[in-house]
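Asker: This structure is in structure tokens; I'll ask about it shortly.
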Amino acid sequence: MYDKKFIEKLTAKLSEWDKVAAHSRQKKSRPRFFTVSSVDIDELYTPDKVTGGDNGDYYFANLGLPGEYPYTRGVHHTMYRTRLWTMRQFAGMGTPQQTNQRFKYILASGGTGLSTAFDLPTLMGYDSDHVRSLGEVGKCGVAVDSLADMEILFDGIDLGKVSTSMTINSPASIALAFYLCVAEKQGVPFDKVRGTLQNDILKEYIAQKEFIYPPRPSIRLITDMMEYCTRNVPQWNTISISGYHIREAGATAVQELAFTLADGFQYVESAIEAGQNVDEFAPRLSYFFNAHSDFFEEIAKYRAARRIVAKRMKNKYGAKDPRSWLCRFHTQTAGCSLTAQQPENNIIRVALQALSGVLGGTQSLHTNSMDETLALPSEKAVKIALRTQQIIAHESGVPNTIDPLGGSWFVEALTDKMEAEAEAYFEEIERRGGVLACVEEGFFQREIARSAYRFQMEIEERERTIVGVNDYVEEDEKIDIPVLRIDPQVEKDQSAFVKKVRAERDPEAVKAALAKLRAVAAGKGNTFEAILDCARVYGTLGEMCDVLREEWGEYVEPPSAMVAS
Amino acid sequence: MSEKIRVLLAKPGLDGHDRGIKVIAAAFRDAGMEVIYTGLRQTPPMIVEAAIQEDVDAIGVSILSGAHMTLFPAILDEMKARGADDILLFGGGIIPDDDKEELEKMGVAKVFTPGATTEDSIRFLREAVTARKTRSD
């Protein structure tokens with residue numbers, strides 16, 4: 001970026017400076033200066049540290065202007081000056097009635113999008129009255145067994161006005177089918193329905209582990225749904241390619257970046273293989289990243305993600321529509337960084353993490369509640385989390401200018417390093433036979449487990465300080481946070497309700513729709529259309545998943561995925 | 001102690017959060033224990049059966065889904081039914097203090113919550129297994 005003479009002068013100055021600094025350097029305030037991902041950070045970043053050095057083309061090739069290729073500085077021309085990020089708080093617990101109340105509370109408090117958490121039985125494809133659902137109904141999210149539950153969940157909420165995100169993966173098609181049926185009943189045309197489905201099965205095998213079927217038929221479910229939405233639900237974001245859970249499972253920032261983008265490129269390749277045109281589906285792909293505690297490392301990660309996606313989509317996959325080049329993303333602050341000790345400190349952690357997401361140019365943001373390591377978030381904690389975003393948006397001044405840290409030698413150097421390290425992972429994944437082979441062989445899982453173990457050991461050996469956990473500890477601390485509990489009655493009510501739904505529907509219509517789904521799953525045709533037909537006649541989620549389980553089998557993790565490498 | 005401690009680690013229920021249990025497995029191995037990790041989605045009968053087959057000193061389970069008040073008692077019941085209640089049952093996860101107390105009263109030897117170190121659990125397991133062995137000798 002700079003001319004030769006300047007770099008020569010800088011090098012000379014630096015060597016003088018280095019001699020003087022050497023004296024102070026003998027004393028260190030801590031043994032290592034490193035990131036949350038255990039990456040060592042230099043003492044000082046200067047212009048010569050930025051890749052390209054005095055190459056004048058560097059700026060346009062690697063940074064450019066916001067809203068323009070390669071989008072390092074942001075996906076929109078004017079960013080938050082035109083529209084703030086969407087403040088999207090994830091919610092869901094108990095019965096659909098209870099979550100419906102929470103949704104209305106969020107909208108009334110100024111939230112601008114909804115985000116649905118489902119309970120584990122729903123995510124694993126079991127109805128609430130299944131034996132494997134025992135003790136889990138309504139715990140980690142809301143229970144949704146059939147269209148009847150989705151009708152209650154969005155009662156009084158206009159699906160033509162709100163944008164809804166649904167965090168569900170293996171049964172994602174079924175959840176979307178229920179949602180579209182509610183829109184149909186409200187008289188909202190499908191092309192007005194807006195939202196996002198997580199629908200990222202690859203990261204389930206890698207990190208979150210809520211998988212049902214083996215990888216290959218699971219990918220078919222996704223490409224079928226993408227194909228349907230391209231034709232009928234054009235405003236729906238079909239997959240939210242998620243690094244969040246990969247990071248929560250213990251990955252470093254680079255692992256999160258590389259594994260997530262590798263997953264994204266796998267979906268692109270699968271859809272192209274299925275005969276779809278990249279520019280028809282790629283504009284609806286979006287990403288979901290974690291905001292962990294290392295401020296600059298996170299900002300560099302988001303900037304690198306935009307640049308990598310733009311370059312690959314354009315150069316490798318031949319996308320011509322600029323919208324296909326965009327890495328639009330949602331961010332959530334890191335649940336795994338929160339501590340059960342002195343939980344109020346989590347408010348500060350969340351604020352810093354959220355700020356990194358905003359400085360990194362996120363399109364939407366969820367801020368975690370301070371009490372999450374203790375139990376499900378209480379209403380008060382949820383409100384503070386939302387207020388944190390509002391303070392960043394309206395008081396900090398951060399949204400006034402685009403990419404305020406662009407041009408920081410440190411941030412640019414870190415962005416370049418992230419990109420290079422992610423590229424090295426892409427090469428290794430390729431060498432190992434691609435993403436599916438790496439999943440089946442446990443490569444990602446072992447890499448993540450190794451990072452998680454190293455992080456824990458750094459804490460235990462006090463190489464890394466976590467306030468309130470291994471330093472600044474308060475003995476005999478009394479935790480004064482109200483804990484939200486799910487009434488065991490929820491499970492009973494929900495089980496009774498799904499039985500009632502089954503008893504009251506048209507049995508012949510359900511039988512025929514499920515038989516059709518089985519035939520499509522075993523042969524050819526679009527699985528999403530068959531699922532939509534089952535949903536309309538009140539076929540349950542468990543029934544549909546059972547059909548697919550019988551046709552495709554259930555996935556079991558290989559032992560090679562269960563150890564640290 | 002001359003004999004190596006044998007411990008079965010398991011994830012019951014539908015919960016897929018396995019970061020913690022894999023860290024524990026690696027730490028126990030590094031501490032010289034024999035570790036058998038069952039993997040995800042084990043039912044109480046599967047866990048107790050594996051513990052008997054593997055002739056372990058202890059069973060450690062990790063639950064982060066909130067289903068602990070259902071799953072721990074189910075494992076304890078199964079252990080009793082199979083005559084395996086000489087095996088030590090301990091666990092960890094996101095478990096509120098009140099529940100932790102109740103579980104420990106019920107017969108779960110120890111419940112670890114966020115912030116506990118691997119060292120804490122290694123120390124606990126060594127002491128508890130030694131105490132049990134001395135008692136039964």
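Each value in this text was obtained by applying a stated rule to the coordinates, not by laboratory testing. Only a predicted model underlies this, so the values are computations on that prediction, with no experimental measurement involved. Here Cβ is always computed from backbone atoms with ideal geometry, including for glycine, and neighbour counts include all displayed protein chains.
Asker: If eta is 1.306 mPa s and T is 10 °C, what Stokes-Einstein diffusion coefficient results for region B:13-137, Kirkwood Rh from Cα pairs, in µm²/s?
Answerer: 108 µm²/s
Asker: What is the average number of partner chain Cβ atoms found within 10 Å of a Cβ in A:450-460?
Answerer: 4
Asker: Please give the average number of partner chain Cβ atoms lying within 10 Å of the Cβ of each residue in A:200-209, rounded to a whole number.
Answerer: Mean shielding count: 2.
Asker: Then there's this: Does anyone have the angle between helix A:345-359 and the longest principal axis of chain A? Alpha-carbon axes, 0 to 90°, nearest 10?
Answerer: 80 degrees
Asker: Amide H to amide H under 5 Å from B:ILE5: which residues, 5+ apart in sequence or cross-chain, H placed 1.01 Å off N in plane?
Answerer: For B:ILE5, whose amide H was placed from the backbone, the distant partners under 5 Å are B:GLU34.
Asker: Can you compute 3J(HN,Hα) from phi for each residue in region A:142-149, using the Karplus curve 6.51 cos²θ - 1.76 cosθ + 1.60 with θ = phi - 60°, rounded to whole Hz and x for Gly and Pro?
Answerer: The phi angles translate into 8, 8, 10, 9, 8, 3, 4, 5 Hz.
Asker: Within region B:1-81, report the trypsin sites (Lys or Arg not before Pro) that DSSP leaves as loop and that have at most 12 other Cβ atoms within 10 Å.
Answerer: For trypsin sites (Lys or Arg not before Pro) across region B:1-81 that sit outside H, G, I, E and B with at most 12 neighbouring Cβ atoms in 10 Å, the list reads B:LYS4.
Asker: Here is a further query. Please report the relative contact order for chain B, taking Cα pairs under 8 Å with a sequence separation of at least 6, and give it as a percent rounded to a whole number.
Answerer: 25 percent
Asker: Would you compute, from DSSP H runs of 4+ residues alone, the mean residue ellipticity of chain B at 222 nm, taking -39500 (n - 2.57) per run and dividing by the full residue count, rounded to the nearest 500?
Answerer: Mean residue ellipticity at 222 nm (helix-derived): -15500 deg cm²/dmol.
Asker: So, in Å, what gap is there between the alpha-carbon centers of region B:13-78 and region A:230-263?
Answerer: 29 Å
Asker: Tally Lys and Arg at +1 and Asp and Glu at -1 over the other residues with C-beta under 14 Å from the C-beta of A:ASP371: what net charge comes out?
Answerer: Taking every Cβ under 14 Å from that of A:ASP371, the sum is -1.
Asker: If you line up the Cα atoms of region A:300-365 on their principal axes, what length do they span on each, largest first, in Å?
Answerer: In descending order, the Cα extents are 51, 16, 15 Å.
Asker: Note the angle between two axes, namely the Cα long axis of helix A:4-25 and the longest principal axis of the Cα atoms of chain A, as a number of degrees from 0 to 90, rounded to the nearest 10.
Answerer: 90 degrees
Asker: What aspartates and glutamates sit close enough to A:LYS383 to cross-link, taking a C-alpha to C-alpha distance under 19 Å and skipping anything fewer than 8 places away on the same chain?
Answerer: The reachable aspartates and glutamates, counting only those whose Cα sits under 19 Å from A:LYS383, are A:GLU344, A:ASP371, A:GLU372, A:GLU395, A:ASP480.
Asker: Could you go through region A:326-332 in sequence order and give the Karplus-derived ³J(HN,Hα) for each residue, using 6.51 cos²θ - 1.76 cosθ + 1.60 with θ = phi - 60°, rounded to whole Hz, and x for Gly and Pro?
Answerer: Couplings: 7, 9, 8, 8, 9, 10, 10 Hz.
Asker: Using amide H atoms built 1.01 Å from N in the peptide plane, name the residues 5+ places from B:ALA116, or on other chains, whose amide H lies under 5 Å from its own.
Answerer: Placed amide hydrogens put nothing under 5 Å from B:ALA116.
Asker: Sticking with this structure for a sec: Can you tell me, using C-alpha contacts under 8 Å and at least 6 residues apart, the relative contact order of region B:7-59 as a whole percent?
Answerer: 53 percent.
Asker: For chain A, what is the relative contact order in percent, using Cα pairs closer than 8 Å and at least 6 residues apart in sequence?
Answerer: Working: 1013 pairs, mean separation 104.1, N = 565.
Reported relative contact order: 18 percent.
Asker: A further question follows. What's the center-to-center distance, using Cα atoms, between region A:409-436 and region B:91-124 in Å?
Answerer: So the separation of the two Cα centres works out to 39 Å.
Asker: Around A:GLY406, what is the net charge, scoring Lys/Arg as +1 and Asp/Glu as -1 over all other residues with Cβ under 11 Å from its Cβ? Could the numbers behind the result be given before it?
Answerer: Numbers: positive: A:ARG73, A:ARG303; negative: A:ASP403, A:GLU412.
Computed value for this residue: 0.
Asker: Would you mind giving the mean number of other chain beta-carbons within 10 Å of the Cβ of each residue in B:8-21, as a whole number?
Answerer: 6
Asker: Grab region B:1-125 and count how many Lys pairs have their alpha-carbon atoms under 19 Å apart, sequence gap of 8 or more, or different chains.
Answerer: Summing the qualifying lysine pairs gives 7.
Asker: Further question: Kindly express, to the nearest 10 degrees and within the range 0 to 90, the angle between helix A:507-522's C-alpha long axis and the longest C-alpha principal axis of chain A.
Answerer: It works out to around 50 degrees.
Asker: Something else about it: Can you give the longest run of chain A that contains no chymotrypsin sites (Phe, Trp or Tyr not before Pro) sitting in a DSSP loop with at most 12 other Cβ atoms inside 10 Å? Please report the intermediate quantities before stating the final value.
Answerer: Details: sites that count: A:PHE33, A:TYR472.
Formally, the longest exposed-site-free interval is A:34-471.
Asker: Another one. Tally Lys and Arg at +1 and Asp and Glu at -1 over the other residues with C-beta under 11 Å from the C-beta of A:GLN353: what net charge comes out?
Answerer: Its environment carries a net charge of -1.
Asker: Which cross-chain or sequence-distant (5 or more) residues have an amide H under 5 Å from the amide H of B:LEU88, H modelled 1.01 Å from N in plane?
Answerer: B:ALA58, B:ILE59
Asker: Using a 10 angstrom cutoff on alpha carbons, build the Gaussian network for chain B and name the most mobile of B:ALA25, B:ALA58, B:ALA116.
Answerer: B:ALA116
Asker: Measure out, as a whole number of angstrom, how far apart the alpha-carbon centroids of region A:271-316 and region A:323-373 sit.
Answerer: 19 Å
Asker: As a test of the formula, what do you get for chain A when each DSSP H run with n ≥ 4 contributes -39,500 (n - 2.57) and the sum is divided by the residue count, at 222 nm and rounded to the nearest 500 deg cm²/dmol?
Answerer: -14500 deg cm²/dmol
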